[in-house]
Amino acid sequence: MAAIVVTQDLLDRTFDVFRSCGRAELECVAYWTGPRGDASVIDRLHHPDHESNEFGYSVDSDWLTTFFHDLYKESRSVRAQIHTHPGAAFHSVTDDEHSLVPAPGFISIVIPDFAHGRVGFESAAMYRMSDSGTWVECDVADIEVR
Amino acid sequence: MEAENNGHERFDVDVNYKGEDRGFPFEPEETIGALRDKALDAFEVRDDRDVTLLYASSGDELPDARTLHEAGIKAGEVLNLRRKEVIVVFNGEGKNFRYERDERVKSLLDKALSAFNVTVNPHTMSLFLSSGVELKDEASTLCAAGVKAGDELYLRTSEVKGGSWQQLS
């Protein structure tokens with residue numbers, strides 16, 4: 001069973017956002033959401049207001065307030081965060097401690113090379129928060145693209 | 001205004017409960033508690049009557065023992081009958097939490113972290129008002145922090161950030 005299922009369209013649009021926003025010189029971040037009652041569905045891409053540089057990003061607090069308010073009103077939740085790194089994909093200490101949703105089951109995906117490689121998860125890294133609250137690296141092959 | 005009574009004029013106080021308004025004839029020297037009981041009966045509130053309180057239009061809790069006069073309630077003012085609860089939202093899910101007027105922000109934060117099973121890096125988590133204000137002073141009471149019954153609070157990471165280096169300068 002796949003850890004996460006996304007459509008090719010959503011993945012394409014995510015890479016488009018990373019490439020246009022990051023311009024191969026800035027990190028970028030996006031969130032994938034779905035209906036709260038059905039964890040198997042990811043159907044929306046959200047690109048937050050954020051500051052970034054070559055080595056990191058920081059999401060705007062007011063944007064987060066509106067985002068979480070809208071999710072609650074629409075009975076939706078965030079399934080995964082996905083962000084770019086300039087080089088290799090890994091989870092940094094900052095990624096570990098300042099994720100959007102630090103709760104069991106949350107997925108964090110890191111895309112290398114500012115997402116300028118082929119669209120997909122080659123050389124990407126995926127982590128899932130365990131029940132004990134630690135980030136556990138998972139096989140990106142468990143991401144199913146339909 | 002209605003009839004005179006013991007030197008005080010009776011007046012109508014409107015009480016809102018779940019979007020419905022009803023008027024109650026009252027005297028300024030009658031207590032908030034008496035009005036609350038009448039409103040609870042009129043709205044047929046059967047459960048949690050002891051934690052379903054009256055709140056001024058400003059959102060301030062009205063203590064049962066005060067008279068309407070002492071509480072500064074005036075004719076035409078709409079009071080709100082609400083459960084003494086706030087909603088804490090985490091990743092799109094909302095949960096109700098009862099609280100006390102003098103309860104500390106830290107206490108509600110801890111209850112919310114536990115309820116939502118957030119065990120990692122709790123020091124990075126905060127409660128936020130729907131206005132976006134972060135309740136940074138965890139030693140403050142909820143009342144002093146501006147939290148009112150029925151408020152929607154958000155439990156989230158204080159600073160959401162990431163990257164290949166440690167800090168974004």
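Nothing in this text is a laboratory measurement; each read-out follows from the coordinates by a stated rule. Because the structure is a prediction, the values reported are computed rather than measured. Virtual Cβ from ideal backbone geometry, glycine too; neighbours counted across all protein chains shown.
Find all pairs meeting these conditions: Cβ atoms under 8 angstrom apart; at least six residues apart or on different chains; first residue within region B:137-153 and closer than 13 Å to B:Ser126 by Cβ; second residue surrounded by 14 or more Cβ atoms within 10 Å (Cβ to Cβ) and charged (D, E, K, R).
B:Glu138/B:Arg104; B:Glu138/B:Lys106; B:Ser140/B:Arg104
Suppose the filter is under 30 Å from A:Ser132 (Cβ atoms), more than 14 Å from every other protein chain (Cβ to nearest Cβ), touching a residue at least 24 places away in the same chain (Cβ under 8 Å) and out of contact with any Leu (no Cβ under 9 Å at 6 or more places or on another chain); does B:Arg66 pass it? Reasoning before the result, please.
Details: under 30 Å from A:Ser132 (Cβ atoms): no; more than 14 Å from every other protein chain (Cβ to nearest Cβ): yes; touching a residue at least 24 places away in the same chain (Cβ under 8 Å): yes; out of contact with any Leu (no Cβ under 9 Å at 6 or more places or on another chain): yes.
No, not satisfied.
Could you tell me which residue of region A:57-85 is farthest from the other protein chains (Cβ to nearest Cβ), considering only residues that are of a type in the set (Ser, Thr, Tyr) and in a strand (DSSP E or B)?
Among those residues, the one meeting the criterion is A:Thr84.
If you take the residues of region B:129-146 that are exposed (fewer than 15 other Cβ atoms within 10 Å of the Cβ) and hydrophobic (A, V, I, L, M, F, W, C), which of them is nearest to the other protein chains (Cβ to nearest Cβ)?
B:Val133
Is one or more of the residues making up region B:50-60 outside any loop (DSSP other than H, G, I, E, B) and among the hydroxyl-bearing types (Ser, Thr, Tyr)?
Applying the first criterion (outside any loop (DSSP other than H, G, I, E, B)) to region B:50-60 yields B:50-55.
Imposing the further condition that a residue be among the hydroxyl-bearing types (Ser, Thr, Tyr) reduces the set to B:52, B:55.
Scanning region B:50-60, I find at least one residue that is outside any loop (DSSP other than H, G, I, E, B) and among the hydroxyl-bearing types (Ser, Thr, Tyr), so the answer is yes.
Hey, any hits in region A:97-120 for a residue that's of a type in the set (D, E, K, R), in contact with a strand residue (DSSP E or B) (Cβ under 9 Å, 6 or more places away or on another chain) and over 19 Å from B:Ser158 (Cα atoms)?
Initially, region A:97-120 is screened for residues of a type in the set (D, E, K, R), giving A:97, A:113, A:118.
In the following step, the residues that additionally are in contact with a strand residue (DSSP E or B) (Cβ under 9 Å, 6 or more places away or on another chain) were identified as A:97, A:113.
Now restrict to residues that are over 19 Å from B:Ser158 (Cα atoms): A:113.
The answer is yes; a qualifying residue exists.
So B:Asn80 fits all but one of (1) in a loop (DSSP other than H, G, I, E, B); (2) within 20 Å of the chain's Cα centre (by Cα); (3) in contact (Cβ under 8 Å) with a residue 60 or more places away in the chain; (4) over 30 Å from B:Val118 (Cβ atoms); what number is the exception?
Unmet condition: (1).
Give, as residue ranges, the strands (runs of 3 or more DSSP E) completely inside region A:1-56 that count at least 2 residues that are more than 14 Å from chain B (Cβ to nearest Cβ). Please lay out each step first, then the result.
Working: elements: A:4-6, A:29-35, A:44-46, A:50-53.
Strands (runs of 3 or more DSSP E) meeting the threshold: A:4-6.
Considering only residues that are acidic (Asp, Glu) and without any contact (Cβ under 8 Å) to a residue 12 or more places away in the chain, look in region B:41-63 and name the one that is surrounded by the most Cβ atoms within 10 Å (Cβ to Cβ).
Taking region B:41-63 and keeping what is acidic (Asp, Glu), we get B:41, B:44, B:47-48, B:50, B:60-61.
Okay, now just the ones that are also without any contact (Cβ under 8 Å) to a residue 12 or more places away in the chain, so B:41, B:44, B:47, B:50.
Numbers: B:Asp41: 11, B:Glu44: 7, B:Asp47: 8, B:Asp50: 8.
Filtering region B:41-63 for residues that are acidic (Asp, Glu) and without any contact (Cβ under 8 Å) to a residue 12 or more places away in the chain, the one surrounded by the most Cβ atoms within 10 Å (Cβ to Cβ) comes out as B:Asp41.
Can you tell me which condition B:Gly92 does not meet? The list is (1) over 19 Å from the mean Cα position of the chain (by Cα); (2) surrounded by fewer than 17 Cβ atoms within 10 Å (Cβ to Cβ), and all the others hold.
(2)
Considering only residues that are over 14 Å from A:Phe18 (Cα atoms) and more than 13 Å from the chain's Cα centre (by Cα), which ones fall in region A:106-123?
Within region A:106-123, A:Glu122, A:Ser123 qualify.
Could you tell me whether A:Val110 is within 21 Å of A:Thr134 (Cα to Cα), touching a His at 6+ places or on another chain (Cβ under 7 Å) and not in a loop (DSSP other than H, G, I, E, B)?
Values: within 21 Å of A:Thr134 (Cα to Cα): yes; touching a His at 6+ places or on another chain (Cβ under 7 Å): yes; not in a loop (DSSP other than H, G, I, E, B): yes.
So A:Val110 fits the description; yes.
Residues in region A:88-106: is at least one part of a strand (DSSP E or B) and surrounded by fewer than 19 Cβ atoms within 10 Å (Cβ to Cβ)? Steps first, please.
Our first condition is that a residue be part of a strand (DSSP E or B); within region A:88-106, this holds for none.
Within region A:88-106, none of the residues are part of a strand (DSSP E or B) and surrounded by fewer than 19 Cβ atoms within 10 Å (Cβ to Cβ).
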